[in-house]
Amino acid sequence: MSKEIVIGNLRLGGSNHVRIQSMTNTPTDDVKATVNQTIELCDNGCELVRITTRNIRDVNCLSEIKEELVRRNCLVPVIADVHFNPKVAELSASVVEKVRINPGNYIDKKSGKTTFTDEDTVNAINAAKNNLIPLINICKKHDTAIRIGSNQGSLSDRIVFKYGDTAKGMVEAVMEFLQIFEELDFHNIVISLKSSNPMVMIEANRLMVERMNQIGVDYPLHLGVTEAGNGQEARIKSAIGIGTLLCEGIGDTIRVSLSEPPVEEILPAKEIARYKNNIHVKKFDVSKRPILQDSQHPLSVIVSDNIAQSSVDGYKLADFIVKDVGSHNDFVLFNDNDFPNAKVMEVTGASLKDICENLDNYFSEEPYRPLVIKKYYNRDIPYERLMIEAAIEIGFIINNYPVSGIWTNVRESILADILQATRNRLSKPEFISCPTCGRTEYDLISVADEVKRKTSHLKDITIGVMGCVVNGPGEMRGADYGVVGYGKNKVILYRGSEAVGQPFPASEAADRLLELINNDKHIK
């Protein structure tokens, strides 16, 4: 269990329930719009609200926003989202209840260097300490919390040089700052490690817990899959990344980052937050899945002939269509004529914790036969709940156990997105797009929709749609192509991590991006 900290009138961590947060996407200097959006978020169940804070003008607007929120009886803790400017963080700390800083760009600047020495690291840490001392003193005076927020897309060149663009790099970036905070006796801290890849995000947070245990601290963790995109696939990515960790007892506050209006983030966050548990699983090598007889995939999808399944954008997901015998008893373990080299474990109706205990026992006794997990869901419940429940449970099972097949009644598009998010099978392009904030100066939500629609036919490709320079260029390291916001209603194309050409109107983004991709394919 993490330690409890206080953020304004809210207690976070310890035995408190999972806190839900979001971020406004209005310009901070539009005080009225930001206040209205904050209240809308809170009315729908948001418990902390983050607001873009780029400069001193934004800090002054935060004061007006706070005053208006209090006048309208909205006492939600406000978080100033600061990235590049220590002075802005210091000024914000006396206004709001929490300040978010990012080790990747708070001190380390883009230097153009390609190699770094141990002396560079020492100098960077000393510079960080000198800049953090005034901030910490102000936070102590005003009881302001600090979030150390590491994003894979904004790791500094120095960290990437030393550790790679990895989960370990994310953790080490946080550890440099955390050790400074410990030395300066400041402990009102929340930590976050985010990536657009749910698997990297899970790995980073697990590793962070290990590192904190090693030095004897237990700070609360904020969880999120950043730049998850929009629609069903974004919710499933978030459910798998956040839900897996919550099931393991990791995480105290969450955000579901969607390229949609911020209020749309709250319902899926509520559904995911229900899964806080404390499931301890044994370590199994999931890459060594035994293959089912007659299957072409290490992880097979099985559907029953009385469940109508359709292809997903022309991609047929099911490996087997079998006769449904109709029995749904907990933990019935049997051989099925359709899988002569395998066993089928029926777990419909069982809790995830009980399923994991049985799987621990099954896979501990080697050699074991290939195992098919059969789990049916109540399809009468609301679709969003069904989607998230299946994503968390199926995702947790296939991420932690070398099961060979999933036999279920959820629709094929959900299964496809679960397998895509867990990197078990890619059936369509991988989209990453940011949830927008006050830094975004073009209609990213519409552009992301159009890019997705016009590139959905492509295969084996990752496409990014990013709002600004904070995480955009960094996230492009993990994308093949994309667009990044570049001024008022302008974007610029990216091929990998390299910008291509000059900025152009955002309304042309989808067509120009597709043209770039097609030209590259033709050249090859």
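The values are calculated or read from the model by the stated rules, or taken from the named source; none is laboratory data. These numbers come from a predicted model, not from an experiment. Cβ: placed from backbone, ideal geometry, glycine included. Neighbour counts: every protein chain shown. Please note that ligands, DNA and RNA were not included when accessible areas were found on the heavy atoms of the full protein model with its side chains. Shrake-Rupley method; radii C 1.70, N 1.55, O 1.52, S 1.80 Å.
Number of residues in the stretch 126-175 that are over 19 Å from the mean Cα position of the chain (by Cα) and farther than 25 Å from residue 21 by Cβ: the value is 18.
To keep it simple, each residue is scored yes or no on (1) under 28 Å from residue 513 (Cβ atoms); (2) not charged (D, E, K, R).
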| position | (1), (2) |
| --- | --- |
| 374 | no, no |
| 403 | no, yes |
| 410 | no, yes |
| 413 | yes, yes |
| 442 | yes, yes |
| 449 | yes, no |
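Annotation: of all residues in the stretch 54-74 being outside any helix (DSSP H, G or I) and over 16 Å from residue 32 (Cα atoms), the one that is most open to solvent (accessible area, probe 1.4 Å) is 54. Given the condition over 18 Å from residue 353 (Cβ atoms), assigned to a loop (DSSP other than H, G, I, E, B) and among the small types (Gly, Ala, Ser), answer yes or no: does some residue in the stretch 242-263 qualify? Checked against the condition, which is being over 18 Å from residue 353 (Cβ atoms), assigned to a loop (DSSP other than H, G, I, E, B) and among the small types (Gly, Ala, Ser), the stretch 242-263 yields at least one hit.
Residue 97 satisfies every condition listed in (1) open to solvent by less than 30 Å² (accessible area, probe 1.4 Å); (2) touching a Ser or Thr at 6+ places or on another chain (Cβ under 9 Å) except (1).
Only strands (runs of 3 or more DSSP E) wholly contained in the stretch 1-53 count here; list those with 1 or more residues that are of a type in the set (Ser, Thr, Tyr) and either in contact with a Leu (Cβ under 6 Å, 6 or more places away or on another chain) or open to solvent by less than 30 Å² (accessible area, probe 1.4 Å) (or both).
On the way: elements: 5-7, 10-12, 19-23, 48-52.
Result: 19-23, 48-52.
Of all residues in the stretch 428-475, those being touching a residue at least 60 places away in the same chain (Cβ under 8 Å) and among the aliphatic types (A, V, I, L, M) number 9. Those residues that are part of a loop (DSSP other than H, G, I, E, B) and either within 27 Å of the chain's Cα centre (by Cα) or not acidic (Asp, Glu) (or both), I need them from the stretch 331-366; list them, please. Hits for the stretch 331-366 are 331, 337, 347, 348, 349, 350, 351. Restricting attention to the stretch 227-255, the residues being under 12 Å from the mean Cα position of the chain (by Cα), open to solvent by less than 10 Å² (accessible area, probe 1.4 Å) and within 20 Å of residue 423 (Cβ to Cβ) number 14. Residue 369 - would you say it is open to solvent by 60 Å² or more (accessible area, probe 1.4 Å), part of a helix (DSSP H, G or I), of a type outside the set (S, T, N, Q) and in contact (Cβ under 8 Å) with a residue 40 or more places away in the chain? It is false that residue 369 is open to solvent by 60 Å² or more (accessible area, probe 1.4 Å), part of a helix (DSSP H, G or I), of a type outside the set (S, T, N, Q) and in contact (Cβ under 8 Å) with a residue 40 or more places away in the chain.
Against the list (1) outside any strand (DSSP E or B); (2) closer than 30 Å to residue 82 by Cβ, the condition residue 415 fails is (2).
Where helices (runs of 4 or more DSSP H) fall entirely within the stretch 102-191, those with at least 1 residues that are buried (at least 21 other Cβ atoms within 10 Å of the Cβ) and touching a Ser or Thr at 6+ places or on another chain (Cβ under 6 Å) are at 103-106, 167-183.
The set of residues in the stretch 194-221 being part of a strand (DSSP E or B), out of contact with any His (no Cβ under 9 Å at 6 or more places or on another chain) and crowded, with 24+ Cβ neighbours inside 10 Å consists of 195 alone.
Kindly indicate whether any position in the stretch 275-282 is modelled with pLDDT of 90 or more, under 19 Å from the mean Cα position of the chain (by Cα), crowded, with 16+ Cβ neighbours inside 10 Å and part of a helix (DSSP H, G or I). No, the stretch 275-282 has no match at all.
Contact map, the stretch 168-187: first residue within 13 Å of residue 158 (Cβ to Cβ), second residue basic (Lys, Arg) and assigned to a helix (DSSP H, G or I), Cβ cut-off under 9 Å, separation 6 or more or different chains; pairs are 169/162; 172/162; 172/211.
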